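A short worksheet on the structure shown next.
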Amino acid sequence: MKLNDAMGLIREIPDFPKNGILFQDITPLLSNAQAFNVVISHMANSSSEFDYVAGMEARGFIFAASIANQSNRGFIPIRKSGKLPAETHSETYNLEYGADTLEIHKDACAAPSQVLIVDDVLATGGTACAAIRLIEKTGATVQKLVFLLELEELKGRGKILQQFPHMDIESLKKIQ
């Protein structure tokens with residue numbers, strides 16, 4: 001199976017979770033073993049210069065843990081506030097209506113580690129920027145960001161590059 005065929009399994013659901021939203025449902029891709037393997041292989045091979053793969057709760061865990069396993073690298077969970085048991089670094093970021101907080105264990109990684117950050121969707125960029133700052137707080141460096149989908153109209157790539165001008169960002173599929 002080719003990457004385009006795998007990405008073609010993502011279905012659009014109009015008006016979910018509310019009117020006016022065209023939801024990108026990745027579950028058909030996830031349930032197809034060949035398609036999922038193609039996507040994970042492509043994401044894993046997007047870079048060879050990483051020691052860890054970090055993923056944001058929750059769907060980012062699916063991709064990041066699979067990439068870490070396939071690449072024989074460690075997986076770092078970036079979780080919502082209060083979900084990690086040991087000492088954490090926290091980063092609060094703005095949402096459309098309010099704010100949210102992500103956390104990482106303080107000992108998740110350290111300099112000179114290189115980290116690949118993976119998530120399912122690049123939307124406004126707020127979650128990704130918070131994840132970059134969390135990795136930096138550990139002393140490690142973010143080597144690259146990889147996303148399954150990018151919603152271009154929300155301009156998340158621009159927000160990331162505004163704060164981190166030299167960040168390498170890859171999206172397997174851009175949706176306008």
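The values are calculated or read from the model by the stated rules, or taken from the named source; none is laboratory data. Worth saying up front: this structure is predicted, and the values here are computed from it rather than measured. Glycine also receives a Cβ, built like all others from the backbone with ideal geometry; neighbour counts cover every protein chain displayed. Accessible surface areas use protein heavy atoms only, side chains included; no ligands, DNA or RNA. Shrake-Rupley method; radii C 1.70, N 1.55, O 1.52, S 1.80 Å.
Largest accessible area first, the residues Leu30, Leu154 order themselves as Leu154, Leu30 under a 1.4 Å probe with ligands, DNA and RNA left out. For the residue pairs Lys2/Lys80; Lys106/Lys159; Lys2/Lys106; Lys106/Lys173; Lys18/Lys144, the alpha carbons lie more than 29 Å apart in Lys2/Lys80; Lys2/Lys106; Lys106/Lys173; Lys18/Lys144.
Accessible surface computed residue by residue for the chain, with neighbouring protein chains in place and a 1.4 Å probe, gives 51 Å² per residue. The slack between Thr27 and Asp100, meaning 0.36 nm per residue of separation minus the straight C-alpha distance, is 23.8 nm. Taking all Cα pairs closer than 8 Å and separated by 6 or more residues, the relative contact order of region 96-176 comes to 32 percent. What a 1.4 Å probe finds exposed on region 15-169 is 48% carbon and sulfur by accessible area, rounded to a whole percent. Between Glu136 and Asn19, the contour length at 0.36 nm per residue exceeds the alpha carbon distance by 38.3 nm.
Can you tally the net charge around Asp51? Count Lys and Arg as +1, Asp and Glu as -1, for every other residue whose Cβ sits under 13 Å from the Cβ of Asp51. So the surrounding residues net to +1. For the chain, the antiparallel share of DSSP beta bridges with both residues in that region comes to about 40%.
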